[in-house]
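The values are calculated or read from the model by the stated rules, or taken from the named source; none is laboratory data. Quick caveat, the model's predicted, so the values are computed rather than measured. Ideal geometry is used to build each Cβ from the backbone, glycine not excepted, and the neighbour counts take in all protein chains shown.
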Amino acid sequence: MEAKATHRYIGSSPRKMRLVIDLIRGKSVNEAIEVLHFNPKHASRYAEKVLRSAVSNLFNKNEEEHYETSDLVVKEVFVNQGPTVKRIQPAPMGRAYKIRKRSNHLTIVVAAKK
């Protein structure tokens with residue numbers, strides 16, 4: 001049994017989010033939550049929130065079966081690029097510098113160990 005959770009339009013670049021999610025890919029849920037909770041990067045807050053949501057979705061999906069969080073594993077984690085907001089900053093001599101504010105979509109799939 002598996003469940004997934006997504007968080008869309010996160011206000012950080014996909015590159016920064018991938019640094020965080022590479023730490024938890026394939027680990028048990030307890031270990032992944034611990035790693036994310038004590039990680040100083042800003043993106044780890046969103047990743048922890050989505051991971052907890054995926055675990056909750058698994059518990060609510062099939063209420064007859066009871067899972068322990070120690071029996072769950074992070075099966076799949078990926079980040080896709082979201083929309084980019086484009087801004088212009090004035091620069092010297094009449095020029096303009098482009099500023100691209102990137103966003104991302106995070107998806108986490110949690111499954112029970114076999």
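Restricted to segment 6-53, and to residues that are among the hydroxyl-bearing types (Ser, Thr, Tyr) and at negative phi, which residue is surrounded by the most Cβ atoms within 10 Å (Cβ to Cβ)? Looking at the filtered set, the residue picked out is 44.
Of the residues 24, 33, the single one that is aliphatic (A, V, I, L, M) and under 11 Å from the mean Cα position of the chain (by Cα) is 24. Checked against (1) modelled with pLDDT under 95; (2) within 20 Å of residue 85 (Cα to Cα), residue 12 meets all criteria but (1). Looking at residue 55, is it within 15 Å of residue 1 (Cβ to Cβ) and touching a Ser or Thr at 6+ places or on another chain (Cβ under 6 Å)? No, not satisfied.
Among the residues of segment 81-108, which ones are in a strand (DSSP E or B), surrounded by 12 or more Cβ atoms within 10 Å (Cβ to Cβ) and out of contact with any helix residue (DSSP H, G or I) (no Cβ under 7 Å at 6 or more places or on another chain)? Hits for segment 81-108 are 101, 105, 107.
Checked against the criteria, residue 64 does not count as within 17 Å of residue 4 (Cα to Cα) and surrounded by fewer than 17 Cβ atoms within 10 Å (Cβ to Cβ).
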